[in-house]
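The values are calculated or read from the model by the stated rules, or taken from the named source; none is laboratory data. Here the structure is a predicted model, which means the values were calculated and not measured. Methodologically, a virtual Cβ is constructed for each residue, glycine included, from the backbone with ideal geometry; neighbour enumeration extends over all protein chains shown.
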Amino acid sequence: MTNEQASDESDNKVVLMLFHNDLRVHDNQTLCTAARLADNGCLLLAYISKLADSVTPNWGQAYHFAQRGLARQQFLTESLADLDASLQDLGNRLLYLNEESVHQDSSTTPLSELIETQQVSDICVSDSADYAQNLAYKALQDRYPHIKWHYESTATLFKSMPTKELPKSFTQFRKKVEYEHDLLSAHKDLVISQTPARLPPVPKTLSSSDYVFEPKTFDDSVQLEPNFKGGEEQALAHLNVYFESDAPSDYKVTRNALDTWGHSTKFSPWLANGSLSVKVLLNRLRQYEQEVVANDSTYWIWFELLWREYFYWYGVIHDKDLFLFKGITQQSPSNRHNKQRFEQWQNGETKYPIINACMKQLNSTGYMSNRGRQLVASAFIHELGLDWRYGATYFEQQLIDYDVSSNWGNWQYLAGVGADPRGCRQFNLKKQTQQHDPDGIFMDKWLS
Ligand code: FAD
């Protein structure tokens, strides 16, 4: 233990951990640090309904959604309920701070009230590539300069950027990472943080009825795929089921399917809100490679996880440029927003059946396959000639696996203003339909 750690632990601290995209107790270094700091004191574990505005509205968008889509809300609600149950098992509980109810002019919010009445000494958060979230943290630091902040890495395979500079393309990034790091080795497990056996208590001054998380119920208009249930318990169950099946050994050939559960891993919603640790996932993949088979398909799961990693660091480096029309290039595209065409796309009412089917799937389930996302984004940009940021914002509203860097990074990539050395990519919708839905089964399902 370092001197700093020893002195940290000697006083009776009131430590506040703000959960964001780390909604789990397994392999959660932020929770471990918060628990250690509060060892002789008290621990507040909070989720804030809306600390930050989702997207920086600095591009004057006419379309800015008021709240998350229903499927996204439902998945998040289930995730928080599961987290609350796990925290209660460990002797603490989740505090839910509803900042949405606060009047804009009010300087007192549930969070500021909690910090001030409980005399919080330390705040623990996970590193994030979310520009708006980081701005909100900065505002808190300015407001409470006496509070000590502790950051931990929980979202990525690498604790810091794995290359000295971020390469301009994914391929260069992948080659460097594979050359310089040992994560490819099947014989080396990544180190996982141990879940604390018991958590320090909530302060006695807080009543058990304060900030209680009350999951709301959703009606039948939301049709999450039944296997997509939020929470780490479900995430870990899915991890086991997936790696006990044969699916990983075929992933590379099946991953482009538009609508079949086992044809891609379906880890994204749990990875996105942190109910599943990506390090635990990679260790499980390595175990599968050792015990069952290591082939092109298992390599390709690693390859896709590296895309996720690349976009995370891309988001960190380019922060607010992630939301610029011109992206990270010098010139804005010539596309324009058009309300009517945008709404046709959004509602699945364009003249392209494959696009309509994908959008209907997204609207009712909150999920769309990777191939579907590529097609609807390509049509949005090319066939419909629209401003890509509106498409990205709509995805942000609807996707249960919404992740700021993966979403905005992929949209930039397809719009030709991001990390793609080849520039704008257009998919041939007719060919793609013949290839991925030759018998029209997917379109029949969503359009009838
Ligand atoms: P699999 O094919 O099984 O891949 C395994 C994991 O690798 C995924 O769970 C995901 O974490 C990661 N991954 C795969 N492809 C990508 C990729 N292209 N970029 C980054 N990570 C990837 N993914 C999100 O998690 N959140 C988003 O908000 C998001 N928005 C997207 C927007 C567009 C326009 C496009 C083209 C892609 C987007 N993706 C996003 C990436 C990808 O479509 C999803 O991660 C994938 O479809 C999720 O299904 P899966 O878990 O079965 O993926």
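Please find, among Y367, Y390, the residue that is near the ligand (Cβ under 9 Å from one of its atoms), aromatic (F, W, Y) and either assigned to a helix (DSSP H, G or I) or surrounded by fewer than 23 Cβ atoms within 10 Å (Cβ to Cβ) (or both).
So the residue among Y367, Y390 that is near the ligand (Cβ under 9 Å from one of its atoms), aromatic (F, W, Y) and either assigned to a helix (DSSP H, G or I) or surrounded by fewer than 23 Cβ atoms within 10 Å (Cβ to Cβ) (or both) is Y367.
Among the residues of region 114-132, are any surrounded by 14 or more Cβ atoms within 10 Å (Cβ to Cβ), in a loop (DSSP other than H, G, I, E, B), out of contact with any helix residue (DSSP H, G or I) (no Cβ under 7 Å at 6 or more places or on another chain) and modelled with pLDDT under 95?
There is no residue in region 114-132 that is surrounded by 14 or more Cβ atoms within 10 Å (Cβ to Cβ), in a loop (DSSP other than H, G, I, E, B), out of contact with any helix residue (DSSP H, G or I) (no Cβ under 7 Å at 6 or more places or on another chain) and modelled with pLDDT under 95.
Can you tell me which residue in region 194-225 is surrounded by the fewest Cβ atoms within 10 Å (Cβ to Cβ), limited to those that are among the polar types (S, T, N, Q) and within 26 Å of G262 (Cα to Cα)?
S221
Taking Q344, is it away from the ligand (no atom under 11 Å from the Cβ) and over 29 Å from K266 (Cα atoms)?
no
Report the residue count in region 290-309 for those that are within 15 Å of the ligand (Cβ to nearest atom) and over 14 Å from the mean Cα position of the chain (by Cα).
Total meeting the criteria: 10.
I need a count of the residues in region 333-350 that are in contact (Cβ under 8 Å) with a residue 40 or more places away in the chain, on the phi < 0 side of the Ramachandran plot and in a loop (DSSP other than H, G, I, E, B).
5
Which condition number in (1) more than 17 Å from G274 (Cβ to Cβ); (2) buried (at least 19 other Cβ atoms within 10 Å of the Cβ) is the one that F228 fails?
Failed condition: (1).
Examine region 102-111 for a residue that is in a helix (DSSP H, G or I), in contact with a helix residue (DSSP H, G or I) (Cβ under 9 Å, 6 or more places away or on another chain) and at negative phi, and state whether such a residue exists.
Yes, region 102-111 contains at least one residue that is in a helix (DSSP H, G or I), in contact with a helix residue (DSSP H, G or I) (Cβ under 9 Å, 6 or more places away or on another chain) and at negative phi.
Residues of region 262-284 being more than 9 Å from the ligand (Cβ to nearest atom) and more than 16 Å from T156 (Cβ to Cβ), which ones?
G262, R284
Identify, by number, the condition in (1) among the polar types (S, T, N, Q); (2) within 21 Å of V177 (Cα to Cα); (3) without any contact (Cβ under 8 Å) to a residue 60 or more places away in the chain; (4) within 13 Å of the ligand (Cβ to nearest atom) that Q287 doesn't meet.
Here Q287 meets the rest and fails (4).
Which one of these does E396 not meet: (1) at pLDDT below 95; (2) more than 10 Å from the ligand (Cβ to nearest atom); (3) assigned to a helix (DSSP H, G or I)?
(2)
Are any residues in region 406-416 surrounded by fewer than 24 Cβ atoms within 10 Å (Cβ to Cβ) and more than 8 Å from the ligand (Cβ to nearest atom), and if so, which ones?
Listed by number, the list holds a single entry, G416.
Here's a check for you: in region 310-331, which residue that is polar (S, T, N, Q) and free of Cβ contacts under 8 Å to residues at least 40 places away in the same chain is nearest to K164 (Cα to Cα)?
Q330
In region 418-438, what residues are in a loop (DSSP other than H, G, I, E, B) and away from the ligand (no atom under 13 Å from the Cβ)?
Within region 418-438, P421, R422, G423, C424, Q426, N428, D437, P438 qualify.
On the basis of being farther than 26 Å from T154 by Cβ, in a helix (DSSP H, G or I) and more than 10 Å from the ligand (Cβ to nearest atom), does V253 make the cut?
So V253 passes the test.
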